[in-house]
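Participant: Please read through the structure below; I'll follow up with questions.
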There are 2 protein chains.
Amino acid sequence: MPKEIERKFLIANDDWRKAVTHRVQIRDGLVAACEGRKIRVRFYDQRATITVKGRRNGLSRDEFEYDIPPADAEAMLRDHCGGDVLEKTRHHIHHAGLDWVIDEYFGILAGVLIAEVELPFEDMPIQPPDWLGREVTGDDRYRKINMLIDRRNALAAESA
Amino acid sequence: MPKEIERKFLIANDDWRKAVTHRVQIRDGLVAACEGRKIRVRFYDQRATITVKGRRNGLSRDEFEYDIPPADAEAMLRDHCGGDVLEKTRHHIHHAGLDWVIDEYFGILAGVLIAEVELPFEDMPIQPPDWLGREVTGDDRYRKINMLIDRRNALAAESA
């Protein structure tokens, strides 16, 4: 069964920008999130996917991803994601044998930078790049849904 | 955009059984259901699908369906549907130019029979077959999730 094993980190400094090999623009929407499972629609340049992610279990979760027609993805992002469509640039970096991505958010999450590395097995050792900050794997504050809620609350407080 | 326009009925008598042209065994699981949207995994004989259904709007709802590898469907039904996998025989009947299905449930919903007809547009007139009972389109009591809850409560009351 397909599994996603992932660790997530903050960013310590801007040195990562020099190491980027390529970038992809991504729009993400959550069609549903309940009981720890989520169903995400993602739009890349010319490619769209739907992904079912199972409940997290330690660093791992089952993940099922399928290509779908871009027009379907557009319709789902527009009509079936409750307005929560996130835009980000995904920066790819190769470091010490592993593929890292740094997600740089725009829109409501502007300013947020999160580094992630996908691992072939849970206890694989990693050599942290110099720009890597604190690990936030499993820290609920850095789940997208909670960052969104925090940002909305901050905006509401500013405008109050 | 793909749309599902559907009316749902009870069954008045057993005469429909003589009109069945073919049958399919189906297993359905809900990966997620929230805010009126649902994501269903369905397993037919040799075919498996994932379906995103949008919020209902009158008789209509947006529907996006994709074939997926049967092994993925098996894994999702087993691990990511909260135990609520429904088994039914879907009986197909052609009547007065329309394709009707009658779903005959097994397992926890044993005994439940629901007829459905999919329509090309909302106000299309239908000629009801003789075996057709009361319409229950939009009646929350006949939503699968509520029939399941009712049946579980009844079983709990019996065993109390």
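The values are calculated or read from the model by the stated rules, or taken from the named source; none is laboratory data. Note that the coordinates shown come from a computational prediction; the quantities given were computed from them, not determined experimentally. Cβ: placed from backbone, ideal geometry, glycine included. Neighbour counts: every protein chain shown.
Participant: Before we move on, is B:A73 assigned to a strand (DSSP E or B), of a type outside the set (F, W, Y), within 12 Å of chain A (Cβ to nearest Cβ) and closer than 28 Å to A:A71 by Cβ? Outline the logic, then answer.
Facilitator: Working: assigned to a strand (DSSP E or B): no; of a type outside the set (F, W, Y): yes; within 12 Å of chain A (Cβ to nearest Cβ): yes; closer than 28 Å to A:A71 by Cβ: yes.
In short, no.
Participant: Determine whether segment B:122-136 contains at least one residue that is at pLDDT below 95 and under 21 Å from B:D28 (Cβ atoms).
Facilitator: No - not one qualifying residue is present in segment B:122-136.
Participant: Somewhere in segment A:72-84, is a residue modelled with pLDDT of 90 or more and in contact with an Asp or Glu (Cβ under 6 Å, 6 or more places away or on another chain)? Even if it seems obvious, please write down each step before you answer.
Facilitator: Restricting attention to segment A:72-84, the residues satisfying the condition of being modelled with pLDDT of 90 or more are A:72-80.
Right, trim to in contact with an Asp or Glu (Cβ under 6 Å, 6 or more places away or on another chain) and you get none.
Checking segment A:72-84: not a single residue is modelled with pLDDT of 90 or more and in contact with an Asp or Glu (Cβ under 6 Å, 6 or more places away or on another chain).
Participant: If you don't mind, there's one more thing I want to ask. Name the residues in segment A:40-52 that are surrounded by 19 or more Cβ atoms within 10 Å (Cβ to Cβ) and either of a type outside the set (V, I, T) or at pLDDT below 95 (or both), would you? Lay out the reasoning, then the answer.
Facilitator: First, the residues of segment A:40-52 that are surrounded by 19 or more Cβ atoms within 10 Å (Cβ to Cβ): A:40-41, A:43, A:48, A:50, A:52.
Passing the criteria: A:R40, A:F43, A:A48.
Participant: With the requirement that a residue be in a strand (DSSP E or B) and loosely packed, with under 14 Cβ neighbours inside 10 Å, what does segment B:86-100 give you?
Facilitator: Taking segment B:86-100 first, the residues in a strand (DSSP E or B) are B:86-95, B:98-100.
Selection gives B:H94, B:D99.
Participant: Scan segment A:126-147 and tell me whether some residue there is surrounded by 19 or more Cβ atoms within 10 Å (Cβ to Cβ), closer than 23 Å to B:D72 by Cβ and more than 14 Å from the chain's Cα centre (by Cα).
Facilitator: no
Participant: Hey, another quick one. When the residues of segment A:76-85 are filtered to those that are of a type outside the set (G, A, S), touching a residue at least 40 places away in the same chain (Cβ under 8 Å) and within 10 Å of chain B (Cβ to nearest Cβ), which remaining residue is surrounded by the most Cβ atoms within 10 Å (Cβ to Cβ)? Can you show your working first?
Facilitator: Our first condition is that a residue be of a type outside the set (G, A, S); within segment A:76-85, this holds for A:76-81, A:84-85.
If we keep only those that are touching a residue at least 40 places away in the same chain (Cβ under 8 Å) too, we end up with A:76-77, A:80-81, A:84-85.
If we keep only those that are within 10 Å of chain B (Cβ to nearest Cβ) too, we end up with A:76, A:80-81.
Values: A:M76: 26, A:H80: 23, A:C81: 20.
For segment A:76-85, the residue satisfying everything is A:M76.
Participant: Then there is this: Checking B:A110 against (1) closer than 22 Å to B:H91 by Cα; (2) surrounded by 12 or more Cβ atoms within 10 Å (Cβ to Cβ); (3) hydrophobic (A, V, I, L, M, F, W, C): exactly one of these is not met. Which one?
Facilitator: Exception for B:A110: condition (2).
Participant: Does segment A:2-16 include one or more residues that are buried (at least 16 other Cβ atoms within 10 Å of the Cβ), at the interface with chain B (Cβ under 9 Å from one of its Cβ atoms) and part of a strand (DSSP E or B)?
Facilitator: No.
Participant: For segment A:21-69, give me each residue that is within 14 Å of chain B (Cβ to nearest Cβ), part of a loop (DSSP other than H, G, I, E, B) and closer than 21 Å to B:P2 by Cβ.
Facilitator: Correct list: A:P69 only.
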